[in-house]
1. Please indicate, with yes or no, whether at least one residue in the range 64-75 is under 16 Å from LEU128 (Cα atoms), crowded, with 18+ Cβ neighbours inside 10 Å, of a type in the set (Ser, Thr, Tyr) and in contact (Cβ under 8 Å) with a residue 60 or more places away in the chain.
2. Before we move on, is GLY109 modelled with pLDDT of 90 or more and in a loop (DSSP other than H, G, I, E, B)?
3. Any chance the range 52-59 includes a residue that's within 23 Å of ARG152 (Cβ to Cβ), touching a Phe, Trp or Tyr at 6+ places or on another chain (Cβ under 9 Å) and open to solvent by 30 Å² or more (accessible area, probe 1.4 Å)?
4. Tell me which residues, restricted to the range 115-133, are in a loop (DSSP other than H, G, I, E, B) and surrounded by 16 or more Cβ atoms within 10 Å (Cβ to Cβ).
5. Tell me which residues, restricted to the range 15-51, are closer than 25 Å to TYR154 by Cβ and open to solvent by 40 Å² or more (accessible area, probe 1.4 Å).
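The values are calculated or read from the model by the stated rules, or taken from the named source; none is laboratory data. The shown structure was predicted, so the numbers you read here are calculated from the model rather than taken from an experiment. Ideal geometry is used to build each Cβ from the backbone, glycine not excepted, and the neighbour counts take in all protein chains shown. Protein only, heavy atoms only, side chains kept; ligands, DNA and RNA dropped before computing areas. Shrake-Rupley method; radii C 1.70, N 1.55, O 1.52, S 1.80 Å.
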Amino acid sequence: MEKTSKHHFEYPPNLHEIDLATLVSMYRDRGIPKKAKPGEYFSCAVTKKLIKEGKWWFGQYYEQQAWDRTLTKSCEGYPLTEVEMNILGLAYSADDEAPQRDFVEQHSGTVNKLSYMIVNDLKEFGFLSTDDHKRLFITPRGEKALHGIAQRIYGKKFNADMLKVNRSDVSRPTLKQAQKEDHEQTSLF
């Protein structure tokens, strides 16, 4: 499945390098207007113009009009990314039984710490709901938001081929088990 647009919010690819406290702080500060220090400017991530104030997104700044244009249809002000699309899409495309929260977080396309916070926010916004067995269900509002972000990224309504777990171009790296070598330790005494 080929993407038709890059004009959407994206999380930095190296989030796994930062500690949990920094990640939480960065996630909670997204969309907060910030002013540049006197005599300094920010650069808008979309227009590349210098601005004195912009909405913050993981180290990037957006002037208000650019921020509004980057929000997707039916997102209700929530900045959706491909990660949110994967989370909502996994709940939407479940055939027999709604997926477990743990499964969705592991297959969201980002680090589990971030996907945990995203699922909580999507529930808070009314895009997802859960039951007593920690299964995730998409709400009608969530379906509209899902189709809006899918339309922005792929140019059409959501289908399961858009999910990260269903794309063949996605590599699933595994860690190799280190082999312990049997060397006799030299005595230092």
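1. Yes, the conditions are met somewhere in the range 64-75.
2. It is false that GLY109 is modelled with pLDDT of 90 or more and in a loop (DSSP other than H, G, I, E, B).
3. Yes; the residues of the range 52-59 include at least one that is within 23 Å of ARG152 (Cβ to Cβ), touching a Phe, Trp or Tyr at 6+ places or on another chain (Cβ under 9 Å) and open to solvent by 30 Å² or more (accessible area, probe 1.4 Å).
4. Hits for the range 115-133 are PHE125, PHE127.
5. VAL46, THR47
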